[in-house]
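Structure below; questions to follow.
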Amino acid sequence: MNKIVAVIRASGSPAHVRLAAEALRATAPQMGCALTLDLDGAPPFSEKAIAEADVVIVTENGGGDGGHSRFADKPVYRSPLSEVIRHTREVIGSALRLTSSVTDTKGMKEESVSKSFETATARGLEVASTFPATQAPADAHAIRRLVAITACPTGIAHTFMAAEALQKAAKALGHQIKVETQGSVGAKNQLTEQDVALADAVVIAAETKVDLSRFAGKRLHMISTKEAMRAGKAAIENALALPLPEPGVTATDIALSSSTSGGSLASIVEQRKAARANARTGPYKHLMTGVSYMLPLVTAGGLSIALAFALGGIYAGQQQGTLAAALSQIGGGTAFQLFVAVFAAFISYSIADRPGIAPGLVGGMLAHTMGAGFLGGIAAGFLAGYFTAFLAEKLSLPATLEGLKPVLILPFVSTVTIGLLMIYVVGPPVREVMEGLSAWLNSMRGANALLLGVILGAMMAFDMGGPVNKAAYTFSVGLLASQVYGPMAAVMAAGMTPALAMGVASKLMPGRFDDEEREAGNAALVLGLSLITEGAIPYAAKDPLRVIPALMAGSAVAGGLSMALGVQMMVPHGGLFAALIPGAVQGLGVFLAALAAGTAVTVAVIAVVRRPLAVEPGAPAKLAA
C-alpha cells in the first residue's frame, strides 16, 4: 500500500481546506493508499509519518512553503487547491507516478532540493526536488463542472432562456452546470460556496451588474444573455479553455476595475479578450442596470394609476377620501415621483458600486423636481457614477481613514458636487429639452405620429430584446414620468407582435416549420401576449434573413397604427394581461386592432418569403430555396 502525506494550506479559505481534505480522505483508500493529512490550523504530522511516506502532496493557496524542507528526500507533488477538490483521483495518480523516480534524488543536499522547489514554485509548476513539472492531466473528454449566472435588464425572458441554453449546451458536451438566475423575482437556484469551489469555470451571461466577488481565482467568461442563447456550446468551451487568473488578482480588483475604467476587467479581462468585455460593460450595461431596478416602480405605479382611473375616472386624484384617490396617490403621487431617482441611482451604482447610490439618487430626484425628466435622470446617473468612481480611484487617504471613504467621504463629496451641477448646469437646459419633447409628442397627429410609431415598432422587432429594442423601450418608459403615454402603447403593441405572429404562423402554416418550431408555437403565443418579444428568437435564429424583416414589418405596422390613432398606455409591461385592466389603456379597441393588423402582416410576409420545408430521405428538414 502506498503511503501519502498531504499538506493543505489555504489562507482565509477554511471551507476549501475542508473540501480538499474530505476529497482526499474519500479517494485515497479507493486507490489503495494510506493518507496522512497536515491541515491548515491543525497540528503537523510526525517525522515518522514523513519518513514512511512514498510521496508528498503540497497544496497551498495564499502563500507559505508548507515546510517543504521537511521533505528533502521525498518526491513532492504540488497542486492548486482547486485541482485537489475537483480532480482528486488525477492528482493522487500524478503524485504516485513520481515515486518511480525517487531514487534519482536520494543523495541530493537539502539546500539544492529546496532551491529547486522554490524555483519551480515561482514558475507556477507542480513539482518538487528535481522532478519535471507535473500537472493533473486535463482530459478534454472528462466531465467538467461549471457554474453560471444569467441576468437581463427586465429579468423576465432572456434570463431564463439563457439559463436553459447553457444547461442544454453543457449536457450536449457531457459537462455539468448549475445556473443561478437573477430574475425579476430575485435569485433562484442560488450557487453555494461548495458549488463555486468545485467549479472548473464560471460563465456570466448578463447585461446588468453582477457581483463577481464569489469567483476569485476562477476562470471567468463574461458574455451577453443573447450570446448564451445563440452559442451556448461555444460559451462553455471558451470558459473551460481560459487560463486560471494570475496570482494576486482579487475579486475586489475585478469589481473596482470594472467600475472605474468603464468596464475593463484589468488583467483578468486581458486573458479573456478585453475588447468584447469592454463593450458589454460600458454605458449600455449601466443604463440597463438602471432600467432593471426602475421597472418594478413604473409597473406598480402605472397599474395603481390605471386602477384609480377605472374606479374614479380621469379625475380620480381629486376625489379626496376615496379609494380611487388613494390609488392615485400611491401610483402618480409616489411611485412615479421616485422612479427617475431610482433610475439614476442604479445607473450610478452600476458604475461606482454602493458609494454611487446616494449621489445618483439625489441627482435623479433633482432632475425630476426640476422637470428634466428621464433625460435628466440619465445625465445625473452617469455623472454621479463616473465622478464617484474617479474619486474612489484618485483620492488617497491614510490607512486609518480609508474606512470612511465609501460611507462618508465619497457619498458626501459626490452628492454635493452632482447636486450643484444638476441645479446650475445640467438641469435647466435638459428641462427645456424635455418640455419641448413632451409638447411635440403630445401634439403629434397624422403622419408624424405614424412615422414615430413605425420607427419605434421596427426597433422593437429588430433585435428582440437587444440594445435597439431596449433603446426604444427605455425611451417610451421614461416618457411616462412626463405623462406622455402614446409611445408606450406603440412599443407595447409592437413588442407583442413578433412572438404572437410566429405562434400564429406555426399553427396556420405547419408545413413551413420543423417539429421543434411547431412545438414552440404554443409558448410563443403566450410569450407574445405577455410582451416578451424574445419568444420569436428561436425562429429568427434559424432563418434570420427571412424572419427578421417579416417581424419588423408587422411591428412597424402595429406601432404606427397605435401612435397614429392616439392609443395611450399607462403601464410599461404585462402585455394583453395588463392592457385588459380597466383604465390601463385609453383606446383598448384600437390597440387590439393595431396588434391584430401587425400580427397579420408578419404572418402574410412569412407565408410569402418562407417556403414549405423540403425533406430529403435520411436528412433533417430544410427550408426550400
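Failed condition for F390, given (1) touching a residue at least 40 places away in the same chain (Cβ under 8 Å); (2) closer than 22 Å to P487 by Cα; (3) of a type in the set (F, W, Y); (4) surrounded by fewer than 17 Cβ atoms within 10 Å (Cβ to Cβ), with all others met?
That leaves (2) as the condition not met.
Only one of A308, A316, A345, A324 is within 30 Å of A392 (Cα to Cα) and touching a helix residue (DSSP H, G or I) at 6+ places or on another chain (Cβ under 8 Å). Can you tell me which?
Just one listed residue meets the conditions, A345.
Restricting to the range 2-26, and then to whatever is part of a helix (DSSP H, G or I) and buried (at least 19 other Cβ atoms within 10 Å of the Cβ), can you tell me which residue is modelled with the lowest pLDDT?
H16
Another question, then. May I ask you to say which residue of R97, R78, R89 is modelled with pLDDT under 80 and open to solvent by 10 Å² or more (accessible area, probe 1.4 Å)?
R97 is the lone residue from the list that is modelled with pLDDT under 80 and open to solvent by 10 Å² or more (accessible area, probe 1.4 Å).
While we're looking at this one, here's another question. Can you tell me which condition V590 does not meet? The list is (1) closer than 18 Å to T533 by Cβ; (2) of a type outside the set (F, W, Y); (3) modelled with pLDDT of 90 or more; (4) surrounded by fewer than 24 Cβ atoms within 10 Å (Cβ to Cβ), and all the others hold.
Evaluating V590 over (1) closer than 18 Å to T533 by Cβ; (2) of a type outside the set (F, W, Y); (3) modelled with pLDDT of 90 or more; (4) surrounded by fewer than 24 Cβ atoms within 10 Å (Cβ to Cβ) leaves (1) as the failure.
Considering the range 450-463 alone, what residues qualify as being surrounded by 15 or more Cβ atoms within 10 Å (Cβ to Cβ) and at pLDDT 85 or above?
L450, L452, G453, V454, I455, L456, G457, A458, M459, M460, A461, F462, listed by residue number.
Looking only at the range 157-193, filter to residues that are acidic (D, E) and open to solvent by 50 Å² or more (accessible area, probe 1.4 Å); which one of those is nearest to G465 (Cα to Cα)?
Restricting to residues being acidic (D, E) and open to solvent by 50 Å² or more (accessible area, probe 1.4 Å), the top hit is E164.
Another question about this same structure. Which pairs have Cβ atoms under 9 Å, sit 6 or more apart or on different chains, and link a residue in the range 413-435 that is farther than 25 Å from L480 by Cα to one that is of a type in the set (S, T, Y) and open to solvent by less than 70 Å² (accessible area, probe 1.4 Å)?
V413/T388; S414/S348; S414/T388
Looking at (1) open to solvent by 40 Å² or more (accessible area, probe 1.4 Å); (2) modelled with pLDDT under 50, find the lone condition where A251 falls short.
In the conditions (1) open to solvent by 40 Å² or more (accessible area, probe 1.4 Å); (2) modelled with pLDDT under 50, A251 misses (1) alone.
Please state which of the following conditions A316 fails to meet, knowing it meets all the rest: (1) open to solvent by 30 Å² or more (accessible area, probe 1.4 Å); (2) touching a Leu at 6+ places or on another chain (Cβ under 8 Å); (3) over 24 Å from P153 (Cβ atoms).
With (1) open to solvent by 30 Å² or more (accessible area, probe 1.4 Å); (2) touching a Leu at 6+ places or on another chain (Cβ under 8 Å); (3) over 24 Å from P153 (Cβ atoms) applied to A316, the lone miss is (1).
Something else now. Can you confirm whether the range 67-74 contains a residue that is acidic (D, E), farther than 27 Å from D195 by Cα and at pLDDT below 85?
Yes, the range 67-74 contains at least one residue that is acidic (D, E), farther than 27 Å from D195 by Cα and at pLDDT below 85.
Which count do you get for residues in the range 593-616 that are in contact (Cβ under 8 Å) with a residue 24 or more places away in the chain and surrounded by fewer than 16 Cβ atoms within 10 Å (Cβ to Cβ)?
Here the count works out to 4.
Can you say whether A607 is in a helix (DSSP H, G or I) and more than 24 Å from A157 (Cα to Cα), as far as the supplied structure shows?
yes
Restricting to the range 527-539, name every residue that is open to solvent by 10 Å² or more (accessible area, probe 1.4 Å) and in a helix (DSSP H, G or I).
Within the range 527-539, L527, L529, E534, I537, P538 qualify.
Looking only at the range 513-526, filter to residues that are buried (at least 19 other Cβ atoms within 10 Å of the Cβ) and in contact with a Ser or Thr (Cβ under 8 Å, 6 or more places away or on another chain); which one of those is nearest to K470 (Cα to Cα)?
Across the range 513-526, the extreme among qualifying residues is A524.
If the Cβ limit is 6 Å and pairs must be 6+ apart or interchain, which residue in the range 498-510 that is closer than 23 Å to G466 by Cα and in a loop (DSSP other than H, G, I, E, B) pairs with which residue that is open to solvent by 10 Å² or more (accessible area, probe 1.4 Å) and at pLDDT 95 or above?
none
Looking only at residues in the range 542-574 that are out of contact with any helix residue (DSSP H, G or I) (no Cβ under 6 Å at 6 or more places or on another chain) and assigned to a helix (DSSP H, G or I), which one is most open to solvent (accessible area, probe 1.4 Å)?
L545
Every residue in the range 438-489 that is aromatic (F, W, Y) and more than 28 Å from S328 (Cβ to Cβ), please.
Listed by number, the list holds a single entry, F462.
Yes/no per residue for (1) of a type in the set (D, E); (2) surrounded by 17 or more Cβ atoms within 10 Å (Cβ to Cβ):
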| residue | (1), (2) |
| --- | --- |
| R431 | no, yes |
| E435 | yes, no |
| N448 | no, no |
| G465 | no, yes |
| V468 | no, no |
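Please state which one of V291, V362, V298 is open to solvent by 30 Å² or more (accessible area, probe 1.4 Å) and either hydroxyl-bearing (S, T, Y) or part of a helix (DSSP H, G or I) (or both).
When all the criteria are applied, what remains is V362.
Could you check, for the range 322-332, whether at least one of its residues is of a type outside the set (G, A, S), more than 22 Å from K470 (Cα to Cα) and buried (at least 19 other Cβ atoms within 10 Å of the Cβ)?
Looking for residues that are of a type outside the set (G, A, S), more than 22 Å from K470 (Cα to Cα) and buried (at least 19 other Cβ atoms within 10 Å of the Cβ), one finds at least one in the range 322-332, hence yes.
What pairs come out if I take residues in the range 67-78 that are farther than 11 Å from V7 by Cα and part of a strand (DSSP E or B) and pair them with residues that are modelled with pLDDT of 75 or more and open to solvent by 20 Å² or more (accessible area, probe 1.4 Å) whose C-beta lies under 9 Å away, six or more apart or interchain?
Close Cβ pairs satisfying both conditions: none exist.
Taking G41, is it crowded, with 20+ Cβ neighbours inside 10 Å, modelled with pLDDT under 85 and part of a loop (DSSP other than H, G, I, E, B)?
no
Hey, among A536, A523, which residue is closer than 25 Å to T208 by Cα and in contact with a helix residue (DSSP H, G or I) (Cβ under 9 Å, 6 or more places away or on another chain)?
The match here is A536.
The values are calculated or read from the model by the stated rules, or taken from the named source; none is laboratory data. Note that the coordinates shown come from a computational prediction; the quantities given were computed from them, not determined experimentally. Glycine gets a Cβ as well: all are built from the backbone with ideal geometry, and neighbour counts include every protein chain shown. Please note that ligands, DNA and RNA were not included when accessible areas were found on the heavy atoms of the full protein model with its side chains. Shrake-Rupley method; radii C 1.70, N 1.55, O 1.52, S 1.80 Å.
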